[in-house]
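The values are calculated or read from the model by the stated rules, or taken from the named source; none is laboratory data. Predicted, not measured: the structure shown is a model, and the values here were computed from it. Here the Cβ positions follow ideal geometry from the backbone for every residue, glycine too, while neighbour counts run over all protein chains shown. Side chains included, ligands, DNA and RNA excluded: accessible areas come from the protein's heavy atoms. Shrake-Rupley method; radii C 1.70, N 1.55, O 1.52, S 1.80 Å.
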Amino acid sequence: MPWNKKTKFIVITGGVLSGLGKGIVTASIGKLFSPRLKVMPMKCDGYLNVDPGTMNPIEHGEVFVLEDGGEVDMDFGHYERIMGISCKFPWNLTTGKIFMRLVEKERNGNFLGKTVQMIPHATDEIKEAFYSVANEEGADMLLIEIGGTVGDIENMLFLEAARQMRIELGAENVLFAHLSYVPVLEAVDEQKTKPTQQSVDLLREKGIMPDVIIGRSRHILEEKTKQKIALFCNVPVQAVFSSPNLESVYELPLIFEKEGLRGLIERKLNIRHKADLKNWQALVSKMKKPAGETTIALCGKYTKLKDSYASIAEALSHAGAHLNARVNLKWIDSESLEKGNSNIENAFSGVRGLIVPGGFGTRGTEGKIKAIGYAREKNIPFLGLCFGLQLAVVEFARDVCNLKDANSTEVDAKTKNPIIDIMPEQKNISRKGATMRLGAYSAYLKEKSRVWEIYGKQKIVSERHRHRYEVNPDYHDLLERNGMLISGTSKDGMLAEFVEVPKNRFFVATQAHPEFKSSLERPAPLFFSFVDACIDKKQTKLQVSG
Ligand code: GLN
């Protein structure tokens with residue numbers, strides 16, 4: 001598929017070290033143009049996994065789930081939350097995806113006797129993926145974020161494909177932005193530019209001259225730092241920008257706008273556009289100076305790697321911004337609660353609400369159940385997400401319905417009361433990649449239920465899913481007779497999509513992951529209402545907006 005002669009491309013690379021926030025930078029560049037221009041992000045990951053769905057969150061941070069069920073890199077979370085868009089699975093390329101397509105084509109005889117090579121075949125496959133997304137989406141602008149750091153073997157094919165694209169389409173259609181690290185050496189208290197100079201050298205070795213350099217640093221880049229980067233990296237000083245440490249990452253588009261990044265991109269790519277960041281600015285100001293605050297506990301097993309729960313933390317902060325309150329997160333390690341290493345009262349001290357997030361496997365589950373039981377009995381607002389719903393049902397079955405051995409078969413395959421069980425269509429699946437119940441599914445809500453109110457009295461709502469197990473329908477009646485309302489189900493009533501305990505102030509759980517659909521400008525309704533329930537209205541006279 002050739003280029004459509006319309007889409008402009010911005011390729012974003014990273015230098016010096018990983019973890020500089022390239023995803024946030026990419027999304028913030030997108031925010032300068034979206035939604036007035038049709039801007040689509042793509043992410044290229046160098047690993048051989050076809051998608052990150054099979055990776056442990058400790059390895060790779062959270063697995064983000066899209067509407068279409070694609071399991072993608074967590075940077076897609078930044079794109080959706082900042083740009084307010086909904087992304088698609090083909091927008092995430094991995095070396096595994098590219099190689100799988102190539103090998104398939106080779107076996108089908110598509111290369112007609114040729115030797116199949118990295119260049120041109122793998123690079124052509126990559127460019128083909130760029131052009132087909134651009135064409136299918138009718139994109140005005142495609143942002144291509146290349147994962148990893150320049151100099152890695154992993155991302156070389158993607159860099160080479162981008163280099164070729166610039167030669168083929170010309171500088172007025174393809175722009176390179178390089179994010180680098182500008183450390184401050186404490187002894188001299190000076191922003192040091194050498195790592196940036198060297199990473200730009202590495203990029204030039206690959207035949208790529210950056211048009212824009214963004215320095216990730218503790219503070220805004222000083223004028224003399226910018227001048228030095230400009231001189232040594234062969235760009236005008238007006239093409240050097242800052243990505244400083246920020247209280248809220250949502251502020252970055254405003255910094256870019258202030259430093260003139262949009263104008264420079266427009267001149268280079270020959271586009272005209274008017275930014276509209278007014279609403280954004282207002283929300284960011286509220287986020288930075290909220291009128292009140294609340295503390296919410298998150299009880300999970302990956303509390304050491306906060307990235308594993310990135311979307312939940314962000315969804316809470318979106319809700320907080322609209323409720324004019326800062327949401328402090330307190331991490332409760334489910335394993336230490338389980339082993340009795342930490343005491344439940346201490347864990348909950350200062351806490352006004354509990355979230356039990358998604359999860360897999362046995363480790364830490366009894367700790368989560370303990371936390372849910374505590375919240376239910378003390379009437380502390382509770383939000384259960386996916387595994388969090390399943391464990392809330394287990395806890396309720398054990399403690400209220402008196403099924404002492406109730407469990408999920410994921411945790412105890414031999415339990416006599418498999419109140420959470422594998423979905424029938426999942427039973428015979430042995431392959432692990434992309435085989436869960438994934439993506440957007442509708443739930444049918446019971447009128448007058450809490451979730452029906454929360455979703456604005458809509459009868460049908462859609463949220464994203466990622467699971468293999470479900471509430472066993474044989475137990476629906478028993479749960480309801482004992483005071484747990486199954487307030488949302490699949491169309492046939494078999495899958496419990498939402499449960500709640502109406503007698504409590506706020507005790508709601510969902511089989512879905514509403515955190516994946518929350519963005520700063522449109523917070524997820526369930527998170528909004530949960531955070532609202534966690535705010536002490538007497539202490540803080542809050543103004544609710546939005
Ligand atoms: N492990 C559970 C399942 O597969 C929950 C999954 C999740 O929380 N995403 O159903």
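Starting from the range 394-423, take each residue that is farther than 24 Å from Glu377 by Cα and list its partners that are within 15 Å of the ligand (Cβ to nearest atom) and among the aliphatic types (A, V, I, L, M), counting only C-beta distances under 8 angstrom and pairs at least six apart or across chains.
Qualifying pairs under 8 Å: Thr409/Ile420; Thr409/Ile422; Glu410/Ile420; Glu410/Ile422; Met423/Leu495.
List, please: which pairs have Cβ atoms under 9 Å, are six or more places apart or on different chains, and start with a residue in the range 217-245 that is without any contact (Cβ under 8 Å) to a residue 24 or more places away in the chain and end with one that is basic (Lys, Arg)?
Val237/Lys226
Please list, ordered by first then second residue, the pairs with beta carbon atoms under 8 Å, 6 or more apart or interchain, first in the range 345-362 and under 12 Å from Leu389 (Cβ atoms) and open to solvent by less than 70 Å² (accessible area, probe 1.4 Å), second part of a loop (DSSP other than H, G, I, E, B) and within 12 Å of the ligand (Cβ to nearest atom).
Listed pairs, sorted by first residue: Pro357/Cys386; Gly358/Cys386; Gly358/His513; Gly359/Lys301; Gly359/Cys386.
Among the residues of the range 428-444, how many are more than 13 Å from the ligand (Cβ to nearest atom), more than 18 Å from the chain's Cα centre (by Cα) and not hydroxyl-bearing (Ser, Thr, Tyr)?
Final tally of qualifying residues: 4.
Among the residues of the range 436-460, which ones are aliphatic (A, V, I, L, M) and farther than 20 Å from Val393 by Cβ?
Of everything in the range 436-460, those that are aliphatic (A, V, I, L, M) and farther than 20 Å from Val393 by Cβ turn out to be Leu438, Ala440, Ile460.
Sort out which residues of the range 209-245 are open to solvent by 50 Å² or more (accessible area, probe 1.4 Å) and part of a loop (DSSP other than H, G, I, E, B), and write them in order of number.
Met209, Arg218, His219, Ile220, Glu222, Asn234, Pro236, Asn245
How many residues are surrounded by fewer than 17 Cβ atoms within 10 Å (Cβ to Cβ) and within 13 Å of the ligand (Cβ to nearest atom) if we restrict to the range 400-426?
Number satisfying all stated conditions: 4.
Which of the residues spanning the range 370-394 are under 21 Å from Asn472 (Cα atoms), more than 24 Å from the chain's Cα centre (by Cα) and buried (at least 24 other Cβ atoms within 10 Å of the Cβ)? Quick ask: steps written out before the conclusion?
So the first thing to find is which residues in the range 370-394 are under 21 Å from Asn472 (Cα atoms), and the list is 372-373, 383-394.
Narrowing further to those that are more than 24 Å from the chain's Cα centre (by Cα): 372-373, 392-394.
Of everything in the range 370-394, those that are under 21 Å from Asn472 (Cα atoms), more than 24 Å from the chain's Cα centre (by Cα) and buried (at least 24 other Cβ atoms within 10 Å of the Cβ) turn out to be Ile372, Ala392, Val393, Val394.
Would you be able to say whether some residue in the range 157-168 is open to solvent by 10 Å² or more (accessible area, probe 1.4 Å), in contact (Cβ under 8 Å) with a residue 24 or more places away in the chain, touching a strand residue (DSSP E or B) at 6+ places or on another chain (Cβ under 7 Å) and part of a strand (DSSP E or B)?
no
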